[in-house]
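The values are calculated or read from the model by the stated rules, or taken from the named source; none is laboratory data. Predicted, not measured: the structure shown is a model, and the values here were computed from it. When we count neighbours, we look across all protein chains shown, and the Cβ atoms used for this are built from the backbone with ideal geometry, even at glycine. Note: areas computed on protein heavy atoms with side chains; ligands, DNA, RNA excluded. Shrake-Rupley method; radii C 1.70, N 1.55, O 1.52, S 1.80 Å.
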Amino acid sequence: MRSPRQVATLALTVSVLAVTAACGGSPGTGAARPSSTAGMPTTSGRPATSGPATSTTGRPTPTSTRTSAPSPSTRASVTTRPTSTPLPTAPAPTRTTPRPPTTSPRPANPGLPAHLLGTVVSRVPTTSKVVALTFDAGANGDGVPAILATLKAQHVPASFCLTGDFVRAFPTLSRQMATYGRIGNHTDNHPHLSTLSDAAVRTEVSDGAAAITAVTGRSPRPLFRFPFGEYTAHTLSLVNGMGYVAVGWTIDTLGWKGTSGGQSADTVVARVLAARTPGEIVLMHVGSNPDDHTTLDADALPRVISQLRAAGYSFVTLSALGI
């Protein structure tokens, strides 16, 4: 039999063990372990708390009413923006080298007489005793006043072939010639056309026409005279294709050479008379020689007119070509 003291001691021991077990402790520690981690620092430095679970942002965990996250296929159809489809790139244009024309360009003015195309007209096609006096204006206008005075006094018509450079430099003289007689296109800058590209030839012709028209108020089309009288079958076809008839001459007086070139007023008259023929086209110039400043054509003009008349000739402009 145990003594009452032993029984009491045993009961106390059993009671302590029961309390220890209930508190999660272990015998011999002398104190019970905490029942939770509330208030203890976590690895992130935040105190752990008891109670309802929370999200990592500290917001309450959503209730069960939250819609379940869509599956990957559903999410892509809802949240993914459509990718812009790149516009198709136009293919680079294929460069081809144009073939040279096998035929002459069709004239811009189909009303031009066919027999005047494909050739440089050197005389008016007639059996009548007529002469066409033509004057080129490209360098200067030193002889214009005297020439116009003679033509007016003798009632003789004439034709004038002007360059763009001339009309820009001498607008008043250009208007006087255009008012008095028939005018033609002598290009813009008086170049050697056979040395230029097709585009440059067309530019020379079109720019010359534009300048002449702007200054004189009259179009030079369809009369055209090649600078220096130089041309090829190709440049001729280009000019015809722009609606022009190329006009040359029967005789060049060579008055432009001046006395420094061995010419005189007498030689001018002699050359014109020696070449006289029905439809004769005479080439003269309105300017002076750049070296000796003589104006032989202007000086010889009165005698040219009187002696041709004495030989039974009258005078026409290039309109006698029917254009």
Residues being free of Cβ contacts under 8 Å to residues at least 40 places away in the same chain and in contact with a Ser or Thr (Cβ under 6 Å, 6 or more places away or on another chain) - total across the stretch 273-309:
4
The one condition residue 243 fails out of (1) of a type outside the set (Ser, Thr, Tyr); (2) assigned to a helix (DSSP H, G or I); (3) within 29 Å of the chain's Cα centre (by Cα) is (2)
Tally up the residues in the stretch 194-220 that are over 17 Å from residue 240 (Cβ atoms) and in contact with a strand residue (DSSP E or B) (Cβ under 8 Å, 6 or more places away or on another chain), please.
3
It is to be established whether one or more residues within the stretch 257-274 are within 25 Å of residue 169 (Cα to Cα) and surrounded by fewer than 23 Cβ atoms within 10 Å (Cβ to Cβ).
yes
Filter the stretch 211-233 for residues that are out of contact with any helix residue (DSSP H, G or I) (no Cβ under 7 Å at 6 or more places or on another chain) and surrounded by fewer than 15 Cβ atoms within 10 Å (Cβ to Cβ) and give the result.
214, 217, 228, 229, 233
In this structure, does residue 276 turn out to be under 13 Å from residue 132 (Cβ atoms) and not hydrophobic (A, V, I, L, M, F, W, C)?
yes
For residue 76, work out the one condition from (1) among the hydrophobic types (A, V, I, L, M, F, W, C); (2) surrounded by 10 or more Cβ atoms within 10 Å (Cβ to Cβ); (3) modelled with pLDDT of 50 or more it doesn't fulfil.
(3)
Can you tell me which condition residue 321 does not meet? The list is (1) open to solvent by 40 Å² or more (accessible area, probe 1.4 Å); (2) under 21 Å from residue 158 (Cα atoms); (3) of a type outside the set (Asp, Glu), and all the others hold.
(1)
Qualifying residues in the stretch 299-313 (those that are in contact with an Asp or Glu (Cβ under 9 Å, 6 or more places away or on another chain) and assigned to a helix (DSSP H, G or I)) - the one surrounded by the fewest Cβ atoms within 10 Å (Cβ to Cβ)
303
Out of 261, 312, 322, report the one residue that is touching a residue at least 12 places away in the same chain (Cβ under 8 Å) and within 27 Å of residue 195 (Cα to Cα).
261
Pairing a residue in the stretch 161-174 that is part of a strand (DSSP E or B) with any residue that is open to solvent by 10 Å² or more (accessible area, probe 1.4 Å) and of a type in the set (Ser, Thr, Tyr), where Cβ atoms lie under 8 Å and the two sit 6 or more apart in sequence or on different chains, gives 162/216
Which one of these is over 21 Å from residue 317 (Cα atoms) and at pLDDT 95 or above: 182, 168?
168
Condition met for residue 246 (open to solvent by 20 Å² or more (accessible area, probe 1.4 Å) and out of contact with any Pro (no Cβ under 9 Å at 6 or more places or on another chain))
no
Any idea which of 246, 275, 233 is over 17 Å from residue 185 (Cα atoms), in contact with a strand residue (DSSP E or B) (Cβ under 9 Å, 6 or more places away or on another chain) and hydrophobic (A, V, I, L, M, F, W, C)?
275
Say we look at the stretch 145-180 and pick out the residues that are over 19 Å from residue 296 (Cα atoms) and charged (D, E, K, R); which of these is surrounded by the most Cβ atoms within 10 Å (Cβ to Cβ)?
165
Search result, residues across the stretch 99-131 that are among the basic types (Lys, Arg) and either at pLDDT below 95 or in a loop (DSSP other than H, G, I, E, B) (or both):
99, 106, 129
Specify which of the listed residues (134, 187) is β-branched (Val, Ile, Thr) and part of a strand (DSSP E or B).
134
Hey, any hits in the stretch 155-178 for a residue that's in contact with a Pro (Cβ under 6 Å, 6 or more places away or on another chain) and closer than 19 Å to residue 256 by Cβ?
no
